[in-house]
1. Restricting attention to the range 248-258, report how many residues are charged (D, E, K, R) and either in a helix (DSSP H, G or I) or closer than 13 Å to residue 219 by Cα (or both).
2. Exactly one of (1) buried (at least 17 other Cβ atoms within 10 Å of the Cβ); (2) in contact with a Gly (Cβ under 9 Å, 6 or more places away or on another chain); (3) of a type in the set (D, E, K, R) is unmet by residue 292. Its number?
3. If residue 240 satisfies all but one of (1) in contact (Cβ under 8 Å) with a residue 12 or more places away in the chain; (2) buried (at least 16 other Cβ atoms within 10 Å of the Cβ), what's the number of the condition it fails?
4. Quick one: in the range 278-313, which of the residues that are modelled with pLDDT of 90 or more and of a type in the set (Lys, Arg) is nearest to residue 169 (Cα to Cα)?
5. Can you tell me how many residues within the range 313-346 are surrounded by fewer than 17 Cβ atoms within 10 Å (Cβ to Cβ) and part of a strand (DSSP E or B)?
6. Starting from residues that are in a helix (DSSP H, G or I) and basic (Lys, Arg), keep the ones in the range 219-244 and report whichever is nearest to the chain's Cα centre (by Cα).
7. So, residue 172, is that one in contact (Cβ under 8 Å) with a residue 12 or more places away in the chain and either farther than 15 Å from residue 334 by Cα or not in a strand (DSSP E or B) (or both) or not?
8. If residue 65 meets every condition in (1) within 30 Å of residue 297 (Cα to Cα); (2) among the hydrophobic types (A, V, I, L, M, F, W, C); (3) modelled with pLDDT of 75 or more apart from one, which number is that one?
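The values are calculated or read from the model by the stated rules, or taken from the named source; none is laboratory data. All values derive from a computational prediction rather than experimental measurement. Don't worry about glycine lacking a Cβ; one is built from the backbone with ideal geometry, like all the others, and counts go over all protein chains shown.
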Amino acid sequence: MSSDEDFSLVTDPEPSEDSLEGVKASIKEYKKKFDDLQQEQTELADATKDSRDLVDQCNKRIEKLTQDLKEDESSYRDQLADAKEKLDALKQEESDIRMEIQKTQAAIEEEEAQNANLKEQSDVFSAMPERSFIFKGSTGDSEKWRTFEMKPHIIYPMEGGTALITFEEEDVARNILTMKKHTVDLGGECSVTVEARPVFLMLPRVVEIDSKVCPRRILISNLPKMDIESLMNKLEIYFSKKKHGGGEVEHCEFMPDSGTVVITFVDSNIAKGLTEKEFHEVKLQTNCHTVRVTPFLNGEITTLETKFTMCPRTVLLTGIPNIMEQETFQDELEIHFQKNGNGGGEIEAFLYNPLGQNNEAIFSSSSSDTQE
């Protein structure tokens with residue numbers, strides 16, 4: 001062969017799809033793909049089943065967790081309500097305890113104040129001026145001495161054209177009030193008609209007095225018998241000097257019922273020092289005399305209950321005209337109401353107040369209901 005000759009490689013041609021081998025090959029390939037698809041479908045079905053099982057498990061777990069959460073919420077809600085109720089109870093208990101503490105503190109303060117007041121009263125009473133008493137052998141029921149007697153001094157305002165009459169007998173006053181209208185003959189054809197009315201006075205029914213130490217007054221006792229004016233002058237001079245512990249004196253008063261002297265200072269820081277020293281040497285006559293200085297008690301009314309009481313022997317005459325001289329008219333009225341024929345009787349006191357004047361009648365304690 002020459003070098004110019006061409007060589008070619010002859011291979012077997014691929015089978016055609018239309019050929020039997022091509023169809024077999026396609027079937028084999030499609031079968032393999034089918035098997036792969038079936039395998040994938042099986043795996044996918046298994047995965048789907050596993051997913052569904054997992055979802056079911058998750059749902060069941062979610063339901064269980066939801067139920068547990070609801071139960072926990074209900075339990076926590078109940079616990080919170082119980083805790084709130086206990087907290088409210090504790091707050092109420094705390095409030096009650098605070099109130100009790102406040103009440104106790106107030107009671108303690110009141111007790112301490114009362115004890116201090118009692119101690120002050122005890123110190124005052126122990127420092128009261130000494131007085132001598134003699135027992136003469138008479139005794140009485142102690143129940144009768146629990147109250148004290150007050151002397152009435154009642155001011156009764158009178159309008160013009162009125163008169164007050166106090167009879168000696170209560171029956172006469174009742175008779176005059178029963179008759180009510182009275183015609184008083186003034187002589188000739190002249191007469192006046194007056195009206196009798198009861199007199200009501202406001203009297204104390206219950207009186208309670210609290211005594212306290214006066215910060216500006218002192219009570220001086222153990223004094224010699226001497227001229228009162230000279231005594232008060234010497235005491236005022238002595239207790240007005242700072243070297244004796246005194247100060248400026250505002251007022252000096254002698255108490256005749258007890259034979260003591262009350263001095264009132266301008267400042268309120270003087271009396272205490274003098275009462276603490278208690279005994280003072282004062283030159284009253286030719287020689288020095290020892291006087292005793294004690295606290296002065298002020299009385300303050302803490303309870304006052306009153307009642308209206310009708311005077312049993314006094315009546316008020318109203319509607320009296322101003323037609324003649326006051327003294328003459330008063331005599332005519334008094335004469336009229338003294339006569340038994342006019343329903344009157346013996347008169348203890350008579351006070352006439354003409355029209356245009358405003359006077360005051362004073363009821364005192366000289367008898368059951370007298371007037372001035």
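1. Qualifying residue count, the range 248-258: 1.
2. The failed condition is (2).
3. All conditions are met except number (1).
4. Checking each candidate, the answer is 313.
5. 1
6. Step by step, filter the range 219-244, then rank; the result is 242.
7. Spelling it out, residue 172 is indeed in contact (Cβ under 8 Å) with a residue 12 or more places away in the chain and either farther than 15 Å from residue 334 by Cα or not in a strand (DSSP E or B) (or both).
8. (1)
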